[in-house]
Structures are given as structure tokens and as C-alpha cells.
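The values are calculated or read from the model by the stated rules, or taken from the named source; none is laboratory data. Just so it is clear, the model here is predicted, and its values are computed rather than measured. Heads up, the Cβs are rebuilt from the backbone with ideal geometry, glycines too, and the neighbour counts pull from every protein chain shown.
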């Protein structure tokens, strides 16, 4: 795993991808920092950092798009799949290399609150917690981007699909506000989510009988529950999907100085899930 990690980190900086990402994120945040903290004297760097979230929409797809799609396109993935290293270590080596690139600007950000303190009042605890959550949110987005890269051999498709999902997550609160709150809408939403899950199970197992059985049992249970107590489905989509407003965990600290421990657990869980899904996606290709 260490050899793969070193190779990937070296590749990111030799190809300038890592340098461009770091430079752009630091420069963009630096502009906000000069405007809000130095010019207007706002004492919270966390507020400034929240303005840099939009950089992730382009920056994260940039560093994740080639993680596996390039290997697949160049057929060098066969060398990885036959290497005397477990698939989990291969995926973790690549993931940690991207996390390392992401960590560099966040380490630089740790200097900004000290600059604020040298000029007057500063809230170091809030600012450093915000930097940690900003980094952790980037790790979540990176895991999602890596998984999407493992599904295709086209870097362009990997970039666009990651950008699209991150954009949807960025606008998640606005999307939720447009969802209907009626019970029948909740039922339809649950059935759609079930169908997507079943489609993924079929894609991974190629077992249509298993997929059909899960779909039938899940749909029957959902409909029966709707008939028995339809009120459970009212505003269900908003309640269930509301947790996917991932940036809210960070903005709660940046705007309200509230640390949501369950949100941190959610971040770590999503990272683990998408690393696992990436391993399964590559494992499927290994045996296909």
C-alpha cells in the first residue's frame, strides 16, 4: 500500500494536478480572507472558509477523475489487480494519496487564524474545528469521486458525474424545499429509492432473481405500511434526504458555532461506504 501511495502522490505533483488544486484553493480562500478578515475585520476565519466550499465542485473532480479511470483506459489496472497486494490496500493507497493533496491547503489554512489573532480578537477553537470539518467534508467528496472514477474508463465522464453529484449536494437544501410532502409522494419516493438500490444490487451480482425478490418484498412492505398508517410517509423524503445536506455539518460550526458529533460520524460512515463500494466495483471487474 505504501508503494502505491508514494507513486500516486508523486504522480499528482509531477502532472501539476495537485499543485493547481492547492494553488487555486489557497488563492480563492486568500481573497475571501483579505476581504472579510483583514479589510472588514471579521474575526471568524470559519466564515471565510465557508465561501471556499464552491471550489470543491471543480477541485475534487479534478483530483479524483483519473484515480481509476486512467488505469482502466490504459489497461494498467490489470497490473494492479494481479499485484501481490490486496484490493483494499490498493484502493486505500490511492485514496490516501488524494487525501494528502487535500490536506496540504488545509495545513496552510491553519496559519490564517493566527494572522487574525495577531491583528486583534480571534476565535481559534471555532476556526480550527471548522478547518478540520472542511477537510473531512473534502474527504467525503473525494471518496464519492473515487467511486465514480472506478465505474468508468473515461476521465471526462468521471469528472462530469462527480461534478454533477457535488453540485446537487451543494444545492441540496434548495432541492429538498421543492419536494412534495404528501404521503403518496413519500411512498413513490421510497419505491424509487428501493428501485435504485435493487438496480445496483443487480449490477453487482448479475442475479436478476435476487434483485426481483428484493424489489417485490420491499415494495410490498412499503405499500402495506402505507395502507396501515399513511401518515408515516408525510414529509418522509425531506426527513430521510435531509441528512444528505452534508455541508450543513460544516456550516453549523462556521455560522452558528455548533459542533454536530453525529454529523462527524456521518462523514466517516460515508467515507467508509464509498471506499467499500469502490473495492466492490473493482472486484466485480476483476472476476468478470
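Below are the figures for this structure:
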read-out: Candidates 244, 169, 191, filtered to the one that is modelled with pLDDT under 80 and surrounded by 14 or more Cβ atoms within 10 Å (Cβ to Cβ); value: 244
read-out: Where residue 240 falls short, out of the listed (1) closer than 18 Å to residue 165 by Cβ; (2) assigned to a loop (DSSP other than H, G, I, E, B); value: (2)
read-out: Qualifying positions in the stretch 223-240 - surrounded by 15 or more Cβ atoms within 10 Å (Cβ to Cβ) and touching a helix residue (DSSP H, G or I) at 6+ places or on another chain (Cβ under 6 Å); value: 226, 233, 234, 236, 237, 238
read-out: Hey, residue 179 touching a helix residue (DSSP H, G or I) at 6+ places or on another chain (Cβ under 9 Å) and not in a helix (DSSP H, G or I) or not; value: yes
read-out: Only listed residue being under 21 Å from residue 10 (Cβ atoms), assigned by TED's automatic domain parsing to the domain that holds residue 262 and either at pLDDT 90 or above or surrounded by 21 or more Cβ atoms within 10 Å (Cβ to Cβ) (or both), chosen from 63, 131, 116; value: 63
read-out: Residue 122, sole failed condition from (1) touching a helix residue (DSSP H, G or I) at 6+ places or on another chain (Cβ under 7 Å); (2) in a helix (DSSP H, G or I); value: (2)
read-out: When residues of the stretch 200-209 are limited to those that are in a helix (DSSP H, G or I) and modelled with pLDDT under 80, the one nearest to the chain's Cα centre (by Cα); value: 200
read-out: Complete set of residues in the stretch 248-262 that are touching a residue at least 40 places away in the same chain (Cβ under 8 Å) and in a helix (DSSP H, G or I); value: 248, 249, 250, 251, 253, 254, 255
